[in-house]
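Throughout, read-outs are computed from the coordinates displayed, never taken from laboratory work. Keep in mind that this is a model prediction, so the values were computed, not measured. Because the Cβ atoms are built from the backbone with ideal geometry, glycine has one as well, and the counts that use them run over all protein chains shown.
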Amino acid sequence: MKRVRSGLIFWSAILITTLLLNSCASGRPAKLRKFINNEWQIPLHDHHFTGTYIIDAESGQVMYSLNADKYFTPASNTKIATLYAALKLIPEKVPALRAAVNGDTLMFSGTGDPSAFHPVFQDSTLLNYLSGFRHLIWYTGNYEDDHFGPGWAWEDFPYGFSAERSVLPIYGNVSRFELRDSLRVTPIIFKDSIFPKPGRSGRLEDRNLFTLPSLFSDTIHIPFTHTTKVTAGVLVSLLDRPVIVRPGAYPGDMELIPGYSRDSLCIKMMIDSDNFLAEQLMILASQGVSDTLSFSVAKNRALQMLADLPNSPRWVDGSGLSRYNLFTPEWIVSLLHKLYKEYPEDQLLHYFPAGGVSGTIDNWYGAEDGPFVFAKTGTLGNNYNVSGYLRTKKNRVFIFSIMNNHFRQPTDSIKSSIERTLTWIRTHY
């Protein structure tokens, strides 16, 4: 009888302990749910659409969910999907060009590599390689996308954040004007393309004719409209030799010439939310899938690899400039979780802006003892989203997506609400 009683006491203790542990575990999300529900119920959030999804990175436990399966305009949160496509489909040394050699003649095609003569990267792989040949033939028929993505705002064409995408970009597809002792123009072929009458900085919608103020101190950046004639003209000016343009695709095999660092391109794309780099990375990603380059080729392959994620998105560009994009908070968190499981944490967080330190959150989501939020923002008129990773005081990692669409309040008020929420989570977990 004593043995039976001892056994009963033992198993009863185990059962009670288990129930207590389960109660504590379920109580943790309940405490978080109560706080966020109270935050989302303040008048600030009365008249717009909010979606939130938060999980524990290690266990996958859902800590909070609100409208997580509803579709939102993601804006630059789209770049998280672009990052995944780039990491999976682009080699560490991106292909700078495709080339076939016949004696002193080079037949070449573009790959979408954005680093050539870029003001930040200053990569000279393309120039150095082309300069080794007397005769140059550029085959342009391996690319099928338009200069702008679907749903881009047409009036943004003269602004640096809306540079055109192309198969052989140069100088970031942006012209630069510096007024020092004299006017310096890059690319130099646009030196005679300035209206003689000074005005506001700008460009004609369909032509590379620019207006500049009579006096200015900072460098002025204006995207140029990209054509094969413009690109060939720049190459001729740099190489001092003719470039023959052939509109079709090269009929034979071409070798890929390695160039700049993929990770360097991805980091700048994510940290600075660089739209041009995002678009070009998707073109580069399609290089690993098909001989015909396009955003859709890379997107379709990436979505095949992400077929197990819930709520498949409508994904129409690499940058998030388009309001046609539709992502759910749950899909974004699931993608971030997949990245978390497939890449070392230190490497992964290096791609994301750090709260209070870098990029688009250098003035937000920070702490005196260092960053605890590593996340990508997404901002369009009346929309603000932030998605990424949060490290708590107890060194837990949460993965979150907080999406706000269609608000009329100042964006900073939305950011302040999110900052209160993320800081509370960090402190209490």
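Per-residue extension of 0.36 nm, minus the Cα-Cα distance of K393 and E368, leaves a gain of 7.7 nm for this segment. Distances between every pair of Cα atoms in the range 84-287, grouped in 5 Å steps from 0 to the bin holding the largest one, split as 1, 7, 15, 19, 19, 17, 11, 6, 3, 1, 0 percent.
For K376, a cut-off of 22 angstrom between C-alpha atoms picks up these lysines, skipping any fewer than 8 places away in its own chain: K70, K79, K88, K268, K299, K338, K341, K393, K415. Ordering M305, M63 from the fewest to the most neighbouring beta carbons within 10 Å gives M305, M63.
Cβ-to-Cβ counts within 10 Å put I418, I42 in ascending order as I42, I418, the fewest first.
Loop-located chymotrypsin sites (Phe, Trp or Tyr not before Pro) across the range 181-275 with a Cβ neighbour count of 16 or fewer within 10 Å are F216, with loop assigned by DSSP.
Explain nothing, just the number: relative contact order of the chain, from Cα pairs under 8 Å at least 6 residues apart, as a whole percent.
Value for the chain: 23 percent.
For the range 391-429 versus the range 141-196, the spacing of their alpha-carbon centroids is 37 Å.
For the range 84-287, the relative contact order comes to 33 percent (Cα pairs under 8 Å, sequence separation of at least 6).
The loop-placed GluC sites (Glu not before Pro) in the range 335-391, going by DSSP, that have at most 16 neighbouring Cβ atoms within 10 Å of their Cβ come out as E368. Among the trypsin sites (Lys or Arg not before Pro) within the range 127-207, those in coil by DSSP and having at most 16 neighbouring Cβ atoms inside 10 Å are R134, R180, K191, R200, R207. FRET efficiency for the A153 to H406 pair, using the beta carbon distance and R₀ = 22 Å, is estimated at 0.85. Every helix of 4 or more DSSP H residues in the chain counts as -39500 (n - 2.57), and over all residues that averages to -10500 deg cm²/dmol at 222 nm.
Here the average projected area of the convex hull drawn through the C-alpha atoms of the range 198-258 stands at 7.1 nm².
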